[in-house]
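Single-structure report; data block below.
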Amino acid sequence: MLAAMAVTLMAGCRRVPPPTPLSELNAQQMHGHAVFQTQCARCHNDRQDAPLNGPPLIGIYKKQYLHSGAPANDERVTDTIQHGHGLMPAMGNTIDQQDLDDLLRYLHTL
Ligand code: HEC
């Protein structure tokens, strides 16, 4: 019980476990990684805690909230990708459903 609480508390802080190594990703997650490289990497770091044009996405689902304060869940992340957010362009027309699903799987490993 205490251990579970400690994990929950730690997940709310900036100190989060490191991303799963690329060598341990399954095929779907690896495809999501490729989608990330072509669609997101010019604006977001995935494995480094440093901003580019947008906030770093490392540990995105391990923190409770996104950069904007919105809850870190698939619904919100999908909405951000499809419709854009602030300075981030809408990408709903450039990413199909399969790529989007795989991309989310990859983001869950960060
Ligand atoms: C042209 C640059 C650009 C590209 C390409 C881009 N983003 Fe962003 N993204 C941004 C910027 C800038 C922000 C901060 C927006 C704001 O809060 O005003 C952002 C914010 C976000 C957020 C946080 C939203 C929130 O509510 O805080 C997520 C999640 C995100 N991007 C995911 C992605 C993913 C996944 C991709 C690839 C499909 C992607 N972005 C591609 C620039 C980009």
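Summing charges over neighbours of residue 73, with a neighbour being any other residue whose Cβ is under 12 Å away from its Cβ, gives -1 when K and R count +1 and D and E count -1.
Note on residue 53 and residue 88: the model spin-label points, each 7 Å out from Cα along the C-beta direction, lie 1.3 nm apart. Karplus-derived 3J(HN,Hα) values for segment 80-86, using 6.51 cos²θ - 1.76 cosθ + 1.60 with θ = phi - 60°, are 4, 5, 6, 10, x, 7, x Hz; glycine and proline are entered as x.
Our note on the geometry: Cα centres of segment 77-94 and segment 43-73, 15 Å apart.
Just to check, using Stokes-Einstein with a Kirkwood Rh over alpha carbon pairs, what's the diffusion coefficient of the chain at 4 °C and 1.567 mPa s in µm²/s?
Details: Rh = 14.5 Å.
Calculated translational D: 89 µm²/s.
Residue-wise HN-Hα couplings along segment 18-33, as the Karplus relation 6.51 cos²θ - 1.76 cosθ + 1.60 with θ = phi - 60° gives them from phi, are x, x, 4, x, 4, 5, 9, 7, 7, 4, 5, 5, 5, 5, x, 5 Hz; Gly and Pro carry x.
Each reported figure results from applying straightforward, stated rules to the coordinates on display, with no laboratory input. Here the structure is a predicted model, which means the values were calculated and not measured. Using ideal geometry, Cβ is built from the backbone for each residue, glycine included, and neighbour counts are taken over all protein chains shown.
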